[in-house]
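Asker: One structure, pasted below without further comment.
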Amino acid sequence: METLDELRARAEGAPSILELMDDARVRAFSAEVDGLFFDWSKTKVDEGSRALLLRLLDERGVAARRDAMFAGEKINETEGRAVLHTALRAGPDAVVEVDGVDVMPGVRETLERMRAFAADARKRFDDVVNIGIGGSDLGPAMGVLALAPYHDGPRCNFVSNVDGADIADALEGLDPERTLVIVASKTFTTTETMTNAATARDRLPGATFAALSSDLERTEAFGIPADRVFGFEDWVGGRYSMWGPIGLSLMIAIGPERFDEFLAGGRAMDGHFRDAPWARNLPALLALSGLWHNQVLGCATRAVLPYENRLARLPAYLQQLEMESNGKRVSMDGAELSEHSGPVVWGEPGTNGQHAFYQLIHQGTRVIPCEFMVAREGHEPGLEHHHRLLIANCLAQSEALMRGRTHAEAKVLLGEKFEGAELDRQAAHRVFPGDRPSTTLVYPKLTPFVLGQIVALYEHRVFVEGTVLGINSFDQWGVELGKELARSLEPILAGEESADGKDASTRALVERLA
Ligand SMILES: O=P(O)(O)OC[C@H]1O[C@H](O)[C@H](O)[C@@H](O)[C@@H]1O
């Protein structure tokens, strides 16, 4: 891609972030929508590079593909499906057609049934166990923890791993009469989920079961009555599904009204993504900062660092959203990508990470672009001083990464303690190279509405990055081979089949573990 080459040329010998920094830059390299403020001024993108990045969006036809997505066109070409998670949060008057049929009456009807079911479940049950994995787990698990201050419904447990420890621990001490087990699986075939669901049925007789799936024949075969089944269509991808039936546990936890606020946050971000010019468009700006760091500068990872303890599961959620969506090797037409695919995404909440892995971010030899997130306000009355410290730490990290510390400054700090060659040696360990990039997302307070804005912001960011790279962000063929091989290994481990066809290493491991 020529524009990317031009950007790489500009990045060579670009001024430092500190040299670029001034008030005008902060105004130019930040944008705000509905209280959400994104600052990307602490990057090395200058005005010229920004113009080229914006050009990339036009060259790659991002606007047309965005409009095609919202219009229900089948942009998930490898599976022949539309991509309409946005329909799950569309307003009451929305009309969204797939193959000439408006899908919104169905969406609204399911949402109404969910509301009635959730309102009743909040009275009848003490515990909800959501059994699901990947997109059928991470969204509601992340959301229930994030919105703990609004959680006034039954306790929610999330079981995902096929490791029997997960279901065994979750079922421990539950009263079947007061427990709702939700089997969440789009396909209703996923080994982990079906194995855990069967164990729950055996070990907790008398519990109430509900199902969230797009395969109504399989939910019936499992024995779940139709009035406790909430279906969705194939145009909702697993990792984009927490807005609909897969969000049922979250709706039960916080109540239908607050779930509506969550949907409204997502809807507001959709409107912004559709209408705002790219230069002020938050999803586009996040994507451009991502493309700059990953494809232009060659940084293979990005750290997501929420200064919000209740966003502890957000990095895991974003790992699936970003890496399953944009971790592809070919473009839409099947040709090998000319650029790297999406980055490795990782992170932990601050301030904890500061005392663990930030060492490498500050002084390691590789540059790790950091995405900080922080709220102006917390939820804990009387603990405002905690929140001030939290904010101070968040801002201190991005400042330290940008500023760094020179050898001369380190020597001054060491003062009289050392001299000569020893002073130089000791100072070298205390040097921070600086000029390390970060972005900061500031939000007013982690309410259901704001969580909706943030999740939709990241969804669209992934879409923009994927579109620029020519990737289909909505399939996940890369997870299939491991599943097939696991299916072939299970009977070998059970002693029913021979390991002869396997390679020497796998045979030796089978022997040790069988
Ligand atoms: O909801 P399910 O059909 O059970 O799928 C659960 C998950 O497993 C699959 O292997 C995919 O990698 C994920 O995208 C999906 O979210």
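Every read-out reported here was derived from the displayed coordinates using simple, explicitly stated rules and does not represent laboratory data. These numbers come from a predicted model, not from an experiment. Cβ: placed from backbone, ideal geometry, glycine included. Neighbour counts: every protein chain shown.
Asker: If the limit is 28 Å between Cα atoms, which of Lys42/Lys74; Lys328/Lys483; Lys44/Lys74 go over it?
Answerer: Lys42/Lys74; Lys44/Lys74
Asker: Could I ask something else about it? May I ask for the angle, rounded to the nearest 10°, between helix 191-203 and the longest principal axis of the chain, with both axes built from Cα atoms and the value confined to 0 to 90°?
Answerer: Tilt relative to the chain: about 50 degrees.
Asker: Okay, moving on. Counting only helical runs of four or more DSSP H residues, what would the 222 nm mean residue ellipticity of the chain come to if each run contributes -39,500 (n - 2.57) and the total is spread over all its residues?
Answerer: Helix contribution divided over all residues of the chain: -13500 deg cm²/dmol.
Asker: Return the FRET efficiency for the residue pair Ala63, Ser16: r is the Cβ-Cβ distance, R0 is 25 Å, and the value is rounded to the nearest 0.05.
Answerer: The computed FRET efficiency comes out at 0.15.
Asker: Follow-up. How large, in Å, is region 358-498 by the Kirkwood hydrodynamic radius built from its alpha-carbon pairs?
Answerer: Taking the inverse mean of 1/r over all distinct Cα pairs, region 358-498 comes out at 20.4 Å.
Asker: Rounded to the nearest 0.05, what FRET efficiency do Val95 and Ala356 have when you use their Cβ-Cβ distance and R0 = 51 Å?
Answerer: After rounding, the FRET efficiency stands at 0.55.
Asker: Sticking with this structure for a sec: Could you give the length gained by full extension between Ala28 and Glu496, i.e. 0.36 nm per residue of separation minus their alpha carbon distance, to one decimal place?
Answerer: Stretched fully, the Ala28-Glu496 segment lengthens by 161.9 nm.
Asker: How large is the Rg to Rh ratio of the chain when both quantities use alpha carbon positions and Rh follows Kirkwood?
Answerer: 1.00
Asker: While we're here: Give me the number: length gained by fully extending Thr406 to Leu337, i.e. 0.36 nm times residue separation minus the C-alpha to C-alpha distance, one decimal in nm.
Answerer: Stretched out fully, the Thr406 to Leu337 stretch lengthens by 20.9 nm.
Asker: Taking region 417-472, how much of its Cα-Cα pair set, in percent, is spaced more than 13 angstrom apart?
Answerer: Summing the P(r) tail past 13 Å for region 417-472 gives 76 percent.
Asker: What are the principal axis extents of the Cα atoms in region 95-220, in Å, biggest first?
Answerer: The Cα atoms of region 95-220 stretch 49, 33, 27 Å along the principal axes, largest first.
Asker: Give me the number: length gained by fully extending Arg366 to Arg430, i.e. 0.36 nm times residue separation minus the C-alpha to C-alpha distance, one decimal in nm.
Answerer: 21.3 nm is the gain from fully extending Arg366 to Arg430.
Asker: Test of understanding: ordering Val374, Val95 by Cβ neighbours within 10 Å, fewest first, what list do you get?
Answerer: Ordered by Cβ neighbours within 10 Å, fewest first: Val95, Val374.
Asker: Express the relative contact order of the chain as a whole percentage, based on alpha carbon pairs under 8 Å and six or more residues apart in sequence.
Answerer: Taking the mean separation of contacting Cα pairs over the length of the chain, I get 19 percent.
Asker: Calculate, for Glu77 and Leu423, the FRET efficiency according to 1/(1 + (r/R0)^6) with r their C-beta to C-beta distance and R0 41 Å; round to the nearest 0.05.
Answerer: My answer for the efficiency is 0.05.
Asker: Now for a separate question. What order, most packed first, do the peptides 167-175, 227-235 have when packing is the mean number of other Cβ atoms within 10 Å of each residue?
Answerer: Highest mean packing first, the order is 227-235, 167-175.
Asker: Give me the one-decimal nm value for the distance between modelled label points at Arg55 and Glu380, 7 Å along each residue's Cα-to-Cβ direction.
Answerer: Distance between label points: 5.0 nm.
Asker: Shifting gears a bit: Relative contact order for region 197-333: what is it in percent, counting Cα pairs under 8 Å that are at least 6 residues apart?
Answerer: Relative contact order comes out at 13 percent.
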